[in-house]
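One structure below.
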Amino acid sequence: MSEADLLERLSAIVGPGHVLTDAEALAGALVEPRGLYSGRARALVRPASTAEVSAVVAACAAARTPITPQGGNTGLVGGQIPLGPEIVLSLKRLNRVREVDALADSMIVEAGVTLAEAQAAAERVDRLFPLSLASEGSCTIGGNLSTNAGGVAVLAYGNARELTTGVEVVLADGRVVNALSKLRKDNTGYDLKDLFVGAEGTLGIITAAALKLFARPRARETAFVGLKDPAAALALFRSARQHFGAGVVSFELMPRIALEFVLRHAAGGRDPLGAAHPWYVLVEIASQVAGGLADAVAEWLGGAAEAGLVDDAALAASGEQRSAFWALRENISDVQKFEGGSIKHDVSVPIGAVPDFLAEASAAVLRRTPGARIVAFGHMGDGNIHFNVSQPVGADKAAFLAEWEAMNAVVHAIVERYQGSFSAEHGIGQLKRELLARKKDPAALDVMRRLKAALDPEGLLNPGKLL
């Protein structure tokens, strides 16, 4: 089948207005947010239903034309960018909330529903869908599941895989796997959903998902805490879990330099405490009991201060102040670009090893690149640290970024010694593909390759990503 014939066939499936080939229409789909990867595509195809996705994939399979599925294009490892020339399959028009079942604490949504829309659908029936990311206004459920997204509430609710009970998937030949189970218990053979969640569109294209809902908390307290070092933060985390158990929803660690970057470059930011502190945590605690939480959190923080764990703290007195606290945390990644080049690492280590990892990795980086500014922040409650390294003041940006792989080697070697992961929540994509091939257990990597060969023998689904 010629390219012209294929595009005509795709136009017949989705409508001519949804097969885009001009450069201007394609531009936004061919580069990712950090500008690290750009690609080429034959067309951007926008189906509006699972049936249309199935027909598009079958047509591409017949023409042996590769497909790159794409959701909100917010991924940070290049997994959604075509190597080219491919068909970019946009799932944004699959945007229906098919069902919300408050009694079963479940909802079924299509892949193009944004995370914020899914959260709002749950809220309308007084339920909570707890997955929460800075990009939730534009990232989509399909992308969240394909990368097994994490976010700021993993320690209380789990990541995307743990929030999913079933999926609907289009296979490489166009067949549809309907595994949209809402059941919490279903032992009828292999759990197929776990093949596709986290597979980055290399085994099949997720078109819909059944997601878990939870009771909405009746009380929530958010504290911005200043402390001396990550060891104190770890002790404070253990204290919080001892006092509030699963009520500890978020526990975010950040250094003073990260806060300074935000205050310098993000509009409206204010230092939340009266004096500067070397480290901070943003902790959020929730309860199903409407009254008494504020007093309990204040009492706990007072005790932590007496024990020498906390130097200062502020409790959010309103929803606006809570949002301001969170803006300080969520703006960290974006503002780093104003400080020059930034070499970024999305790593995880056992929670108890976080302070030692930070000290060892920081020392190793500074030995290699004196003057480098270490902006290590993230989800201390689940051991996921974004160990980012900003260039020394006045350094040449291009020369600094040319050291990306060498800097990775320094940091990842320490991660490996702590039996951690070089990809905690962002996925593999293009950025870490070669690293996966070197670091993954050989037997596990062989199983992954066999699965890919079995489900996509022609290698047409998201080629050049992950494997």
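The values are calculated or read from the model by the stated rules, or taken from the named source; none is laboratory data. Since the structure is predicted, the reported quantities are computational estimates derived from the model, not experimental observations. In this analysis, Cβ positions are derived from the backbone assuming ideal geometry, glycine residues included, and neighbour counts consider all displayed protein chains.
Across the range 82-107, the number of residues qualifying as buried (at least 19 other Cβ atoms within 10 Å of the Cβ), in a strand (DSSP E or B) and among the hydrophobic types (A, V, I, L, M, F, W, C) comes to 5.
Every condition in (1) part of a strand (DSSP E or B); (2) among the polar types (S, T, N, Q); (3) at pLDDT below 95 holds for Thr188 except the one numbered (1).
Just one of (1) over 13 Å from Thr207 (Cα atoms); (2) under 22 Å from the mean Cα position of the chain (by Cα) fails for Gln70. It is (1). Got at least one residue in the range 389-396 being of a type in the set (Gly, Ala, Ser) and free of Cβ contacts under 8 Å to residues at least 24 places away in the same chain? Within the range 389-396 (the criterion being of a type in the set (Gly, Ala, Ser) and free of Cβ contacts under 8 Å to residues at least 24 places away in the same chain), the answer is yes, since at least one residue qualifies. Scanning the range 122-138 for residues that are surrounded by 20 or more Cβ atoms within 10 Å (Cβ to Cβ) and at pLDDT 95 or above gives Ala122, Arg127, Phe129, Pro130, Leu131.
Among the residues of the range 5-23, is there at least one that is without any contact (Cβ under 8 Å) to a residue 24 or more places away in the chain and either surrounded by 20 or more Cβ atoms within 10 Å (Cβ to Cβ) or in contact with a Gly (Cβ under 9 Å, 6 or more places away or on another chain) (or both)? Looking for residues that are without any contact (Cβ under 8 Å) to a residue 24 or more places away in the chain and either surrounded by 20 or more Cβ atoms within 10 Å (Cβ to Cβ) or in contact with a Gly (Cβ under 9 Å, 6 or more places away or on another chain) (or both), one finds at least one in the range 5-23, hence yes. Are any of the residues in the range 156-163 touching a Lys or Arg at 6+ places or on another chain (Cβ under 6 Å) and closer than 14 Å to Ala210 by Cα? Scanning the range 156-163 turns up at least one residue that is touching a Lys or Arg at 6+ places or on another chain (Cβ under 6 Å) and closer than 14 Å to Ala210 by Cα. Residue count for the range 408-460 satisfying the condition of being surrounded by 16 or more Cβ atoms within 10 Å (Cβ to Cβ), hydrophobic (A, V, I, L, M, F, W, C) and over 21 Å from the mean Cα position of the chain (by Cα): 5. For the range 241-289, which positions are in a loop (DSSP other than H, G, I, E, B) and farther than 17 Å from Arg322 by Cβ? Selection gives Ala267, Gly274, Ala275, Ala276, His277, Pro278, Gln288, Val289. Looking only at residues in the range 98-119 that are polar (S, T, N, Q) and either without any contact (Cβ under 8 Å) to a residue 60 or more places away in the chain or in contact with a helix residue (DSSP H, G or I) (Cβ under 6 Å, 6 or more places away or on another chain) (or both), which one is farthest from Gly137 (Cα to Cα)? Checked the range 98-119; the qualifying residue farthest from Gly137 (Cα to Cα) is Gln119. Being in the same structural domain as Leu180 (by TED's automatic domain parsing), in contact with a His (Cβ under 9 Å, 6 or more places away or on another chain) and not aromatic (Phe, Trp, Tyr) is the requirement here; does Thr114 meet it? No; evaluated as a whole, the condition is false for this residue.
Among the residues making up the range 284-315, those that are under 15 Å from Lys228 (Cα atoms) and loosely packed, with under 15 Cβ neighbours inside 10 Å are Glu306, Ala307, Gly308.
Is it the case, given these coordinates, that Glu260 is among the acidic types (Asp, Glu) and farther than 30 Å from Phe338 by Cβ? No. Looking across the range 183-225, just one residue is acidic (Asp, Glu) and closer than 30 Å to Pro278 by Cα, and that is Glu221. The sole residue among Gly39, Gly35, Gly112 that is under 30 Å from Arg184 (Cα atoms), within 27 Å of the chain's Cα centre (by Cα) and of a type in the set (Gly, Ala, Ser) is Gly112.
The listed residues are Leu195, Leu234, and the only one of them that is in a helix (DSSP H, G or I) and either outside the structural domain of Asp271 (by TED's automatic domain parsing) or over 30 Å from Gly292 (Cβ atoms) (or both) turns out to be Leu195. Set side by side, the residues Val57, Val77, Val97, Val45 differ, and just one is modelled with pLDDT of 95 or more and in contact with a Leu (Cβ under 6 Å, 6 or more places away or on another chain), which is Val45.
Regarding Gly174, is this residue in a loop (DSSP other than H, G, I, E, B), of a type in the set (Gly, Ala, Ser), at pLDDT 95 or above and more than 21 Å from the chain's Cα centre (by Cα)? Taking the combined requirement at face value, the residue satisfies it. At least 2 residues being more than 22 Å from Cys139 (Cα to Cα) and among the β-branched types (Val, Ile, Thr) is the threshold, and among the helices (runs of 4 or more DSSP H) wholly inside the range 1-81 those reaching it are 3-14, 50-62. Here Phe377, Phe338, Phe400 are screened, and the one residue that is outside any strand (DSSP E or B), in contact (Cβ under 8 Å) with a residue 60 or more places away in the chain and surrounded by 14 or more Cβ atoms within 10 Å (Cβ to Cβ) is Phe400. Within the range 47-56, the set of residues being surrounded by 24 or more Cβ atoms within 10 Å (Cβ to Cβ), in contact with a Gly (Cβ under 9 Å, 6 or more places away or on another chain) and under 16 Å from Ala208 (Cα atoms) comprises Val53 only.
Restricting to the range 276-291, count the residues that are at pLDDT 95 or above and over 22 Å from Ala153 (Cβ atoms). So the answer is 3.
When the residues of the range 189-232 are filtered to those that are free of Cβ contacts under 8 Å to residues at least 60 places away in the same chain and not acidic (Asp, Glu), the one that is surrounded by the most Cβ atoms within 10 Å (Cβ to Cβ) is Phe196. The residues on offer are Glu162, Glu168, and the sole one that is surrounded by fewer than 24 Cβ atoms within 10 Å (Cβ to Cβ), modelled with pLDDT of 95 or more and not assigned by TED's automatic domain parsing to the domain that holds Ala275 is Glu162.
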